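Written below as structure tokens is the structure these notes are about.
Nothing in this text is a laboratory measurement; each read-out follows from the coordinates by a stated rule. Quick caveat: nothing in here was measured; it's all calculated off a predicted structure. Note that we place each Cβ from the backbone using ideal geometry, even for glycine, and neighbour counts take in every protein chain shown.
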Amino acid sequence: MPKNHIIAPLGNFDPYKYFNNYKSQNLQSLFLYALIIIPVMAFSDKNLGDNSLLFHLGIRLFCLLPYVVIYSLFKFKKLNNSVVDICGIIIFASFALGVSIAAYTTVGLISDYYFGIVLISFIQFLIVPLDLKKTLILELLLFTIYFPINIAGFDTESTLIIKQLSNYLPFSILKIAVSQRFHRQITDSFMTMELNRKLKEKEGAQIVLGELLHLLNNPLLISSSLIKRFKKKRDFEYEGDLDKALKANDRMKGILKEMAVIQQESTFDFSNEANLKKYFKELEEGTKDF
């Protein structure tokens, strides 16, 4: 049997490849919603601040630009899905920049724009789940982008700063705490789905193998019976050939019996390459004289 047929239960399956593809598709599916939300948010910014709608729309669209570029690169397959985490960090950091500038150009930290940062962080958690390290990087970016801009530019009371931080930080800390577990659960789910698929394939292969064994066994029984009948005629000219043919048939029946045991044994370890090689070697040694 060729070596590439002797594989572990999941073979070369890489759950992170499927996970990255999942996150890439999620990012692309979010694009249309972002285009709809941006004008709505710009209109809200205009009502809270003194600048024109065009000004606020320009800011929001400028901060949407990294997402447009990344979306286009993924859409036209110019970016590999392996970089989706980095792209996600860039996209959601640019969203946070848009929220931060919007807050700065309206009323600063007095507003509830911090909730926009929480919402961005939560959407990222659902759309592009990151591991612990990348989650920590993104949360530091979101915090650094929003709070310093809207604290330094205004005469803000310390009580308000503490209040806004106490509203934001618990969510951020909780998200960091559960990010690694959530990330692991998703990768494990991809592995479980692949394992279930492999098990279904194995069940189908066992059914086919069982049918083939049945089809092969019947001709062997017939040929063995014919050989025994010819031997009874005492044709000494061909007796040696008949003995050899009968021995070969018996060996084939033994092989079929062994294969039937494997076919019926659900716990047979197909993933152990050494055992499989040993098994195939025994079969070859048993049939090399024929």
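For the pair ASP14 and LEU65, label points projected 7 Å from Cα toward Cβ lie 3.3 nm apart. Here r is the Cβ-Cβ distance between VAL178 and ASP112 and R0 is 25 Å; the resulting FRET efficiency, rounded to 0.05, is 0.55. Can you compute the modelled spin-label distance between LEU160 and ILE36, with each label point 7 Å from Cα toward Cβ, in nm? Here the answer is 3.4 nm between the modelled labels. Between LEU132, PRO170, ALA103, the Cα set farthest toward the positive side of the dipole of the stretch 103-181 (charges on each charged residue's Cβ, about the Cα centre) is that of LEU132. Legend: distances between Cα atoms for LYS133/LYS163; LYS200/LYS247; LYS133/LYS198; LYS23/LYS175; LYS46/LYS75; pairs beyond 29 Å are LYS200/LYS247; LYS133/LYS198; LYS46/LYS75.
The calculated FRET efficiency for the pair LEU119 and ARG197, based on their C-beta separation and a Förster distance of 30 Å, comes to about 0.25. At an R0 of 51 angstrom, the distance between the Cβ atoms of LEU221 and ASP188 translates into a FRET efficiency of 0.55.
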